[in-house]
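Worksheet for the structure shown next.
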Amino acid sequence: MRYLFILLAALGCDDAGGTSTDPVTATDMGVSDSQFVNDSSGNDAASPDASMDASSDANVPSEWPDWRKGLATWQWHELPDTSLYSVQPSVVVSGQPDADGVSIAGGLYGRIDAWNGLAASRARNTLYSAANGGHADYAGNEVYAFELGVDAPTWRILRQPTAANLIRRGNYNDQIYSDYYDDGRPGSTHSYYALHFLDSRGAIVRFGAGSLYGTGNEANLKTEAFVLETNDWVPEGTYPEIIEGSRAGAINQTVCMDFENDDVYIGAADGVRRFNAATATYERLAGWLQAQDSVKGAPCIVDRARQRVVFFQDAYKPPNGGLVFSLTDNTLSEITFAGDFRNENTSWRESYGFMDVDGTYLLKTRSGDEVIRVNPQTFEATAVDVTGGDALPDAANGVQTRFQYFPQLQGYAYLPRHDANVWFLASPPARE
């Protein structure tokens, strides 16, 4: 038996607000290879290999890769020949099919530029792209890895896409969804903020699909996982849905992770929800103060030091409104951000952020090399004085989750668009 997975029962939730008192329970289940159509399309079966293992000395500057050494704090550095165009799948799939069902309109740009993000394993110093595309932009559900802890990082394909003749194109008007292709693997989508790597599970996890391949209106709240050990997606139903039986609010919902325990917080249509990484269960923690989708299309940050989740948007109080969710009593409160940074081209919408080593919040906007620091007490925003990023292009259709922090390398990796190289922003060392 190739797989051993968890089958999770129905999700209990309180639709009127407050905390769900009926979390999903789990039972063990074996799944055979027969649930997937076998393909021999050149997938990298060696993942994870020895080079992907975490190194206990990786955060020692003398052990850093050559490209990382010598960078000044807050210096941008471009990694040459690291555009996603440098690697292309051997299985030809693309955008919207022609009338005869043969794919060909569209292009590989959709793997990033079509509102897609990346996941990051801090233990492996690796970026991942998984089933990125969606709408009529790109149909492929292949998986890529980009390991930063080597002297010459390159993208590589871990798993090739589903064969073109097995790809299912959705059509919202006819209620046809491309949740899964005909080989049982999940369909391509705009991932927005949905992709995260859970080191505790050794998996890239997709928390919902915002715009599946097809007409673009197809979406779901399913939880999909690509496991490195098996180099494959888990079967349908392995994990519960974010909101059981619903497709509401999947487009651009806010998702952020607690990096100490891999729990994931989701600004969903009906409020704040949490995915417990240890038990693979969801619970609804609170309803929104105003109505649905209060933080659609904006980042959030888990602040464990202050026991809260900060949402960098309140859709009902634009442009400077935000929300704070308390982890101690499961309540939401309104906040106001200060600073003259917001304009048509520089906004927190579709940006991404993390806790910086000094305890402040750091966000990458979609504008060039711009990085914003937010004071966690006053919520005042100021620009970080960065260097070396004059040639850094604007992000295509938002940063989403393409800006990722790697503590062992003391900095942030960033892919602004499909035809750009990966950039790295050196940060200060972590405090003792």
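The values are calculated or read from the model by the stated rules, or taken from the named source; none is laboratory data. Note that the coordinates shown come from a computational prediction; the quantities given were computed from them, not determined experimentally. For the accessible areas, the whole protein counts, side chains as well, though only heavy atoms, and no ligand, DNA or RNA atoms are used. Shrake-Rupley method; radii C 1.70, N 1.55, O 1.52, S 1.80 Å.
Sort 224, 334, 147 by heavy-atom solvent-accessible area, probe 1.4 angstrom, most to least.
From most accessible down to least: 334, 147, 224.
Looking at the square roots a ≥ b ≥ c of the eigenvalues of the Cα gyration tensor of segment 306-432, which shape do they give, rounded for a/c under 1.5, prolate if a/b is larger than b/c, or oblate?
Taking the square roots of the gyration eigenvalues as a ≥ b ≥ c, segment 306-432 is oblate.
With every protein chain in place, what's the accessible area of residue 154 (1.4 Å probe, Å², nearest 10)?
80
Averaged per residue, what accessible surface does segment 169-303 expose to a 1.4 Å probe, in Å²?
26
Leaving out ligands, DNA and RNA, what percent of the accessible area of segment 162-316 is carbon and sulfur, probe 1.4 Å?
The computed percentage sits at 40.
With a 1.4 Å probe and all protein chains left in place, how much accessible area per residue does segment 351-410 have, in Å²?
Spelled out: the 1.4 Å probe surface of segment 351-410, per residue, equals 32 Å².
Can you tell me which lysines have their Cα less than 19 Å from the Cα of residue 364? Leave out same-chain residues fewer than eight positions away.
296
Which of rounded, prolate, oblate describes segment 180-227, given a ≥ b ≥ c as roots of the alpha-carbon gyration tensor eigenvalues and a/c under 1.5 marking rounded, otherwise prolate only if a/b is larger than b/c?
oblate
Considering only protein heavy atoms, what is the solvent-accessible area of residue 317 at a probe of 1.4 Å, reported in Å² to the nearest 10?
100
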